[in-house]
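Only one structure is covered here, and it is reproduced in the block below.
The values are calculated or read from the model by the stated rules, or taken from the named source; none is laboratory data. Worth saying up front: this structure is predicted, and the values here are computed from it rather than measured. Here the Cβ is made from the backbone with ideal geometry for all residues, glycine too, and neighbour counts use every protein chain on show. Areas reflect the complete protein model, heavy atoms only, side chains present, ligands, DNA and RNA absent. Shrake-Rupley method; radii C 1.70, N 1.55, O 1.52, S 1.80 Å.
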Amino acid sequence: MSINIFVWAVAVACHAACKSFHGLLVVRLLLGVCEGSITAGFLIVSSMFYTRTEQTLRVGYWSLMIGTGALA
């Protein structure tokens with residue numbers, strides 16, 4: 001997961017170097033791949049720290065906050 005965060009940070013920084021639409025498309029595609037694996041990473045982290053009954057509540061909160069974050 002730390003490699004994913006590092007690649008995500010590099011992709012965000014590469015937005016400043018884009019000079020064409022195609023370059024921006026490639027960077028955005030890489031950014032989407034990195035952000036797509038975050039949900040699975042959160043589920044793995046929650047399974048390490050919480051019991052099975054606590055996991056359902058935590059994952060439910062994260063799922064609820066996805067919609068709330070999209071509104072902001």
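For Thr56, the conditions (1) surrounded by 13 or more Cβ atoms within 10 Å (Cβ to Cβ); (2) out of contact with any helix residue (DSSP H, G or I) (no Cβ under 7 Å at 6 or more places or on another chain) are fulfilled apart from (1). Once the stretch 6-24 is narrowed to residues that are open to solvent by 90 Å² or more (accessible area, probe 1.4 Å) and under 23 Å from Thr39 (Cβ atoms), the residue that is nearest to the chain's Cα centre (by Cα) is Trp8. Contact annotation: residue pairs with Cβ atoms under 6 Å, 6 or more positions apart or on different chains, pairing a residue in the stretch 31-45 that is within 17 Å of Ala9 (Cα to Cα) with a partner that is hydrophobic (A, V, I, L, M, F, W, C), are Leu31/Ala11; Cys34/Val7; Cys34/Trp8; Gly41/Met1.
Just one of the listed residues (Gly32, Gly36, Gly60) is among the small types (Gly, Ala, Ser) and more than 13 Å from the chain's Cα centre (by Cα), and it is Gly60.
Of the residues in the stretch 27-49, not one is open to solvent by 70 Å² or more (accessible area, probe 1.4 Å) and part of a loop (DSSP other than H, G, I, E, B). Residues of the stretch 59-72 that are of a type outside the set (A, V, I, L, M), within 18 Å of Gly41 (Cβ to Cβ) and either out of contact with any helix residue (DSSP H, G or I) (no Cβ under 8 Å at 6 or more places or on another chain) or modelled with pLDDT of 85 or more (or both): Gly60, Tyr61, Ser63, Gly69.
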